[in-house]
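Structure, as structure tokens:
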Amino acid sequence: MISYMPYPVRIDDIVVETEDGNQKTFKLVFEQEAHRKAWHHVPGQFAMLSLAGQGEIPIGIASSPTEEGHLLFTVNRAGKVTTALHQMNIGDRMGVRGPLGNGFPVNKEMNGKNIVIIAGGFAVTTLRATLISLLARRQDYGKITFIYGARTPGMLLYRDELKQWAQREDIDLHVTIDREAPGWDGLVGFVPTIAGEVAPSAENSVALICGPPIMIKFTMPPLEKIGWTDDQVYLSLENRMKCGEGVCCHCNVGPTLVCKDGPVFTRSQVKQLPIEY
Amino acid sequence: MKVFKVSSVELDAMMQEWSKVHRVYAPVLAKQPATSSDCAPGWRRVDGGSALTLSTGPTPASVKSFFFPQPETLLTYTLENNHPDKGLMREPAKSKKMQVVVGVRPCDARSVLLNNLPYQEDPFFQANRQRTALVGFTCEQTLSTCFCSQMGGSPFGSEGLDLAFSRTQDGFIVEVGTAKGEVLMAGLDLAPAEESEISALASRRSTGGKADATELDTLKGSELGRLYDAPMWKSLGESCINCGACTFICPTCYCFDIQDEVVRGQGRRIRYWDSCMFPLYSLHTSGHNPRGQKVQRTRNRFLHKLKYFPDRFGPFSCVGCGRCVQDCPVNIDIREVMSDLLAVE
Amino acid sequence: MPTINETVSEEIRAQARKLLEDGTVAAVIGYGSGSLPMTVKPLVVRSPEDCRKLIWNTFCVLNLANYLPATLKSVEPPRGPRDPKPEGPLPKVAICATGCWSRSIVVQIQEHQVARDRVVVLGVGSRGMVSRRKVEALFGGREILAVEEGDHDLIIQGADFSETINRWDVVRDNCQTCTHPDPVLVDVRIGEPVSERKNPNPFIQVDALEQKSGDGRWAWFTEEFATCIRCYACRNACPLCYCPTCFVDDAKPQWVGKSLDAVDTGLFHILRAYHCAGRCTDCGTCETVCPKGINMRMLTKKLNKDVLNLYGIEAGMQPDAPLPLTTYAMDDPQQFMANEPGSGKEGK
Amino acid sequence: MTEQSTNWEPKIIAFLCNWCSYAGADLAGVSRFQYPSNIRIVRVPCSGRVSENMIMSALKSGADGILVSGCHPGDCHYISGNYFARRRFALLSNLLDFIGIEPGRVNFSWVSASEGEQFAEVVQSVTEKVKALGPASRLVKKIDALETALQVA
């Protein structure tokens, strides 16, 4: 049986991620030990954040399963629930229902492969979770390339971690911003351009791409040019959701339910669907 | 299966008996006056004295609301300041009291089985199913808008019914279909039906059967893209006004929305009927709407019933009750939509 | 001899074909035949060949003005949100309109939803449209399989009966009390004009309810709206309801709850009606399309009565005048004020 | 309404325009004019800003009475806001009466910035009216009632 009851959690920490203040990362800890033990997720899954009196919203899980004891969610202030969430304080009670969806195949198709992670803007959250997971079992994967772009340096998420990853030899990290900015000495240029330049050969590789539709659209041609096929590319869709359990029908794209069959699909799966996402 | 003989008088007495121990409901034929709110619109509580009257064709309101109440409280909580449980969700106690819905038609009984497919794992739907007994009446007459046999049902079908009454020359025969049906029949002193009556019903079933369902079944094999891109949707979407009348009167439309309601510090999370006909149904917070156009929403409803649902679960999500055909404000007729779809090259 | 509506149908088809053939309009909004007795399908015709599908009969109950803004948009050349407006005049659309529908078009023009110079009104004088619900009520549970329409009678046929009934008896309430059955905008006249009706009292149903006590009216209100299923057919069928986001869909703040709670349902109907104040032409579409037969028209009719009594305005009758709630007079009545009379400040 | 407890005090939501009635309320306070403490003031820029949605929302949320007050006709800070409001309120007031909301639940008044005493009088009279009517029940949303109805036994 599915349950609509969220696990009660407390906000343990709040980090303002971006310079405009619209992105905050919430660190949540379970109120009850049994719930903490019951929780198992894979990177790429999402959960319903539940605020009593406001409602529920589906948000990608930004923490890796290897970061035990707490959950991280990076939330953009946009609608009714997220606005209320942004006004909450450390110590406040809320709820988490999940984990929901399928997630990236970190222990399946991705095993033993070279991994290319391409992220644009706020969509980096579940890819952060993925990268941390991969690093925890670094020896199981080949080369790891992480490409991440944002509009300005101030709009990059997880800046401290980006610095740490940059130091590591075993990650090929490329962080880019759209236009030259004062104080920025890193890459400048759109994600598709950078991806075309630094992506490894398609052989024995898997790519995970999350970002605005326009970025995904322009990232594919340079990859295809060097031999990538649609089966190697994993995307994460999003649609309005209510139950997250495949019952309420809100997130359907043709016969597919994003919440249950997804949110992670290969690009060839996505191509079979009507454009209703 | 046990089959008994029941006269009209005995039927009334049976309802009386049931209403002493259970909640018994019957359809309202005319516009319903405001009654107690413990009952869905279109149904009334039977508490002795009132005889059952049925019209030809489906009941005015479907049985959907007994299984999928509008609204259903999923969770409750308090938001009172300084309350130790502030914001802590609680599940409301689910009622176990048996409710008996009398006067159900075979189409609606089948709709419960269809809705059960997506709701297999839903605790609320299943709890309601557990405690609801359906007492149905097969249709000796149908309306011109009825098309249950095209959808794989039958006017004489007993599928999904706990007790199925069928008219005979001098009353009814009743088939006891389930354990819940047994419970309702327990303690009643009824004569078994005669062999001739049982075989008469069987022969009606075999002649008025599911023969014409085969043609429509070819839709299930059709390639999605072909149906999706059919030119027919444009004119259909143009005349549709995107109200939710069809979805809300439909026994097999089962979408819901979830929302929090707070009144003076007391809150509840409810689910209530939603319709894919509404723009809000698919609207993203960013403002992007994957089905922002009327035609996309109209198409989604029909393809969900005739393609997406069968792809997932097998049968069509339509029982052919014809309510939408009768009540659509702009006369969008699903039978015409189906024949147009079959003609799509 | 053809009936009046057969002649009208013929004229609509001929005029629609002519307008489409000579390129005056890009589309014609009318009615096609329905799949059940006493039903019709709203139809947008875009080619002269399809004009044969157009019909006119006594069951044309949905206000076609509802389709006008969207159809006008659909005939414009496609362009992106940032593309400049195309040069030259945009294509026109023809629409069949009776008295109340043409008044709705006037309101749409007043509210800048529709450009007058892009609309060709095929004006049809209304002889009153029949309520399917009233006919069905006359026949109890017996199914009606065919209805034949004469000028003054309807022949109702079922599996085992055939009866002739008087047409006017089953005409919708709003048509029976209508005072302006002839269109106020006419570009192409269809059929004969229908003269203004001198009804003794167009607000007879409202008056009757007003006679009841406050408790009686509240009882009426709660009973009438108890069967509402919140399908919003009344809203969506209304040519005046074109807001991109309806107040019921607002989330921040949420004015009205969305489930079947009597208070929320009541608020929806009060506010919906109120939003039509001074704009409603009593076309009766809301009541007609309601799958539960709720008489929400009573609320708009009450508002129409007040607007007429207080401000002397009937919606859609004066294309050049402002709408009643977008204007004011210095000496508007204000007896409803708490400190009136007594404060003595108003007259200054 | 005999059963109501004698210490029941109504809650009245007052939408006061910033330029006249709110200032009038202020003056009433400064000038020590006594008026009942039943009102909860919502300051709005103009009586024309008060929409039917706000009034109905307040009723739904359990307000026993509503008072909307703005500048006297001719004195609107925005020239004509209160004239438009007057038409809308006239229609709303009639419509609410029509569906059986007790007259006196929803009240409208004009109070200028210099009318502290009049403000106190208006609040006094509105409070008395609402007290006479008793607690609001019509169009007041109740969750508990619904809950019991649905949680059948």
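The values are calculated or read from the model by the stated rules, or taken from the named source; none is laboratory data. Note that the structure is predicted; figures quoted are calculated from it, not measured. Every residue, glycine as well, gets a Cβ built from its backbone with ideal geometry; the counts of neighbours run over all protein chains shown.
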message: Quick check on region C:302-315. Is at least one of its residues in contact (Cβ under 8 Å) with a residue 12 or more places away in the chain, closer than 30 Å to B:C328 by Cα and within 14 Å of chain B (Cβ to nearest Cβ)?
response: no
field: Neighbours by Cβ (under 8 Å, 6+ apart or cross-chain): first from region C:31-59, at positive phi; second not hydroxyl-bearing (S, T, Y)
entry: C:M38/C:F59; C:M38/C:V130; C:M38/C:R132; C:M38/C:V135; C:M38/C:I144; C:M38/C:V147
task: For region C:2-22, indicate whether the set of residues that are among the aliphatic types (A, V, I, L, M), modelled with pLDDT of 95 or more and surrounded by fewer than 16 Cβ atoms within 10 Å (Cβ to Cβ) is non-empty.
output: yes
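Are there any strands (runs of 3 or more DSSP E) wholly within region A:1-64 with 3 or more residues that are more than 13 Å from chain B (Cβ to nearest Cβ) and not hydrophobic (A, V, I, L, M, F, W, C), and if so which? Break it down into steps so the answer makes sense when it comes.
Details: elements: A:7-16, A:23-30, A:46-51, A:55-60.
It comes to A:23-30.
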message: Looking only at region D:76-102, count every residue that is part of a loop (DSSP other than H, G, I, E, B), more than 9 Å from every other protein chain (Cβ to nearest Cβ) and either of a type outside the set (A, V, I, L, M, F, W, C) or touching a strand residue (DSSP E or B) at 6+ places or on another chain (Cβ under 9 Å) (or both) and tell me the total.
response: 3
query: Does A:E245 fit the bill of being facing another protein chain (nearest Cβ under 8 Å) and under 18 Å from the mean Cα position of the chain (by Cα)?
result: no
field: Pick from region B:74-91, criterion in contact (Cβ under 8 Å) with a residue 24 or more places away in the chain and of a type outside the set (S, T, N, Q), ranking: farthest from the other protein chains (Cβ to nearest Cβ)
entry: B:E80
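Quick check on C:G257: is it crowded, with 16+ Cβ neighbours inside 10 Å and more than 10 Å from chain B (Cβ to nearest Cβ)? Can you show your working first?
On the way: crowded, with 16+ Cβ neighbours inside 10 Å: yes; more than 10 Å from chain B (Cβ to nearest Cβ): no.
Judged against the criteria, C:G257 is not a match.
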- prompt: What number of residues within region C:300-321 are over 17 Å from the mean Cα position of the chain (by Cα) and either modelled with pLDDT of 90 or more or small (G, A, S) (or both)?
  reply: 9
message: Please list, ordered by residue number, the helices (runs of 4 or more DSSP H) wholly in region C:233-296 having 1 or more residues that are more than 25 Å from C:P183 (Cα to Cα) and β-branched (V, I, T).
response: C:262-275
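Matching residues to (1) within 30 Å of A:Y4 (Cβ to Cβ); (2) in the same structural domain as A:P192 (by TED's automatic domain parsing):
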| position | (1), (2) |
| --- | --- |
| A:T83 | yes, no |
| A:N107 | yes, no |
| A:A129 | yes, yes |
| A:R138 | no, yes |
| A:G149 | no, yes |
| A:G154 | no, yes |
| A:Q164 | no, yes |
message: Any residue that is surrounded by 20 or more Cβ atoms within 10 Å (Cβ to Cβ), within 10 Å of chain C (Cβ to nearest Cβ), farther than 30 Å from A:L51 by Cα and touching a Lys or Arg at 6+ places or on another chain (Cβ under 9 Å) - is there at least one of those in region B:249-258?
response: yes
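Do we have any residue at all in region B:14-22 that's part of a loop (DSSP other than H, G, I, E, B), surrounded by fewer than 22 Cβ atoms within 10 Å (Cβ to Cβ) and on the phi > 0 side of the Ramachandran plot? Write out each step before concluding.
Within region B:14-22, the first condition is being part of a loop (DSSP other than H, G, I, E, B), and the residues that meet it are B:22.
Keeping just the survivors that are surrounded by fewer than 22 Cβ atoms within 10 Å (Cβ to Cβ) gives B:22.
Subset that is on the phi > 0 side of the Ramachandran plot: none.
Among the residues of region B:14-22, not one is part of a loop (DSSP other than H, G, I, E, B), surrounded by fewer than 22 Cβ atoms within 10 Å (Cβ to Cβ) and on the phi > 0 side of the Ramachandran plot, which makes the answer no.
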query: Within the bounds of region B:226-234, is there any residue that is assigned to a loop (DSSP other than H, G, I, E, B), at pLDDT 90 or above and more than 13 Å from chain C (Cβ to nearest Cβ)?
result: yes
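Can we say C:L19 is touching a strand residue (DSSP E or B) at 6+ places or on another chain (Cβ under 9 Å) and more than 10 Å from every other protein chain (Cβ to nearest Cβ)?
Values: touching a strand residue (DSSP E or B) at 6+ places or on another chain (Cβ under 9 Å): yes; more than 10 Å from every other protein chain (Cβ to nearest Cβ): yes.
Against the criterion (touching a strand residue (DSSP E or B) at 6+ places or on another chain (Cβ under 9 Å) and more than 10 Å from every other protein chain (Cβ to nearest Cβ)), C:L19 qualifies.
I want to confirm something. Restricting to region B:281-295 and keeping residues that are without any contact (Cβ under 8 Å) to a residue 24 or more places away in the chain and surrounded by fewer than 17 Cβ atoms within 10 Å (Cβ to Cβ), which single residue is farthest from B:C246 (Cα to Cα)? Lay out the reasoning, then the answer.
First pass over region B:281-295, keeping only residues without any contact (Cβ under 8 Å) to a residue 24 or more places away in the chain: B:282-292.
Of the ones still in play, those that are also surrounded by fewer than 17 Cβ atoms within 10 Å (Cβ to Cβ) are B:284-288, B:292.
Details: B:H284: 24, B:T285: 27, B:S286: 29, B:G287: 26, B:H288: 26, B:G292: 19 Å.
Among them, the one singled out is B:S286.
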statement: Considering residues that are more than 7 Å from chain B (Cβ to nearest Cβ), in contact with a helix residue (DSSP H, G or I) (Cβ under 8 Å, 6 or more places away or on another chain) and surrounded by 22 or more Cβ atoms within 10 Å (Cβ to Cβ), the number found within region A:257-277 is 0
message: Against the condition farther than 18 Å from D:V140 by Cβ, surrounded by fewer than 21 Cβ atoms within 10 Å (Cβ to Cβ) and not hydroxyl-bearing (S, T, Y), how does C:D249 come out, does it pass?
response: yes
task: Within region C:151-196, track down each residue that is touching a Gly at 6+ places or on another chain (Cβ under 8 Å), of a type in the set (D, E) and either surrounded by 17 or more Cβ atoms within 10 Å (Cβ to Cβ) or closer than 15 Å to C:M38 by Cβ (or both).
output: C:D173, C:D182, C:D187
- prompt: Scanning region C:28-82 for residues that are among the acidic types (D, E) and over 28 Å from B:T145 (Cα atoms), which turns out surrounded by the fewest Cβ atoms within 10 Å (Cβ to Cβ)?
  reply: C:E49
Number of the exception - C:W101 against (1) buried (at least 23 other Cβ atoms within 10 Å of the Cβ); (2) part of a strand (DSSP E or B): (2)
- request: Find the residue count for region C:219-234, including only residues that are among the charged types (D, E, K, R) and either at the interface with another protein chain (Cβ under 7 Å from one of its Cβ atoms) or surrounded by 24 or more Cβ atoms within 10 Å (Cβ to Cβ) (or both).
  value: 1
- request: Please enumerate the residues belonging to region C:181-218 that are more than 25 Å from C:A65 (Cα to Cα), within 14 Å of another protein chain (Cβ to nearest Cβ) and part of a loop (DSSP other than H, G, I, E, B).
  value: C:Q211, C:K212, C:S213
- request: Output yes when any residue across region B:156-166 is buried (at least 21 other Cβ atoms within 10 Å of the Cβ) and on the phi > 0 side of the Ramachandran plot, and no when none is.
  value: yes
